[in-house]
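Just so it is clear, none of the values below were taken in a lab; they were calculated from the coordinates. Bear in mind the structure is a predicted one, so any value in this text is a computation, not a measurement. Here Cβ is always computed from backbone atoms with ideal geometry, including for glycine, and neighbour counts include all displayed protein chains.
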Ligand SMILES: Nc1ncnc2c1ncn2[C@@H]1O[C@H](COP(=O)(O)OP(=O)(O)O)[C@@H](O)[C@H]1O
Ligand SMILES: [Mg+2]
């Protein structure tokens, strides 16, 4: 099942939190049980969902270290069907602690496993760093959503994140596929933004979501009110665009799940049609 979706890249300020929170709200409003796990020490996703700093006592850090379960840490948000495991400053020292553990890159995946039955989708709001926490998020993910604000530097950022993913893959041998690259906060009135968006689309082709998120002041001010954009104005362009992106994400998850099922069926058929080696010999 493709359920755990890290919203991830190693760059800051590219719309990870905005995308994570508003995509999750769109899923929940469409009737899907959704969880956000806030993995950022700044806890922006938690604050956007209306939590106060004083509410951030139990956080994703405790979940990663096995002190509490996801169901103990999760709080309901004001959006029906949307729960949150808050972030907190404890995440700032998580890397030091993780570094001393044998299962340092798979702890989050293991901790989230029991929550798969409670939610349809679990979105991870990731920190902007190449940390063990980020590697945990990559390892926990079933498919990655990578936001990018089109600019020359952001293209370089995508390339460097791709390299980071390759390193993780060669180091641990397992890698979630990229579900899609989401172009966000794209001011298409500016020529250089249009050009950068074009380069990204040419380079990454069908991996780029066709829904583009444009700048919308309501996306920027909603967090100040502790709200998702849907609670502020469900008909503002930013809300409609995130709802469209959510549909596209669901479409891709369905396609990816079908491709995985087909590949498994093909393997099973091959195993049945290939004569087994005589007993006692290696396959
Ligand atoms: N489409 C958008 N329109 C307007 N402001 C946006 C949009 N997307 C993000 N922002 C603003 O840009 C800033 C960075 O976005 P954020 O989601 O926090 O990025 P990240 O999590 O990658 O650091 C925030 O102030 C956010 O409100
Ligand atoms: Mg963020």
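Packing-based ranking of 271-279, 201-209, 130-138, 76-84 yields 130-138, 76-84, 201-209, 271-279, ordered from highest to lowest mean Cβ neighbour count within 10 Å. The value of relative contact order for the chain, using C-alpha pairs under 8 Å at least six residues apart, is 24 percent.
When only alpha carbons are used to place a centre, the stretch 60-114 and the stretch 184-224 end up 31 Å from one another.
Quick one: length gained pulling residue 72 to residue 220 fully straight, 0.36 nm per residue minus the C-alpha distance? Display every interim value, and only then the final one.
Numbers: separation 148, 0.36 × 148 = 53.28 nm, distance 3.08 nm.
Answer, rounded to one decimal: 50.2 nm.
Fewest neighbouring Cβ atoms within 10 Å first, the residues 175, 139 line up as 175, 139.
Could you tell me what percent of the DSSP beta bridges with both partners in the chain are antiparallel, to the nearest 5? Approximately 10 percent, going by the DSSP bridge assignments. Nearest 10 degrees, 0 to 90: what angle lies between the long axis of helix 152-172 and the longest principal axis of the chain (Cα atoms)? On a 0 to 90 degree scale, this one is about 30. Relative contact order, whole percent, for the stretch 40-136 stands at 32, derived from Cα pairs under 8 Å and 6 or more residues apart. Report note on the peptides 110-118, 179-187: ranked by the mean count of other C-beta atoms within 10 Å, highest first, their order is 179-187, 110-118. This ranking places 242, 119 by how few other beta-carbon atoms lie within 10 Å of each, fewest first, which gives 119, 242.
With contacts defined as alpha carbon pairs under 8 Å and 6 or more residues apart, what's the relative contact order of the stretch 120-205 in percent?
Values: 72 pairs, mean separation 30.1, N = 86.
Reported relative contact order: 35 percent.
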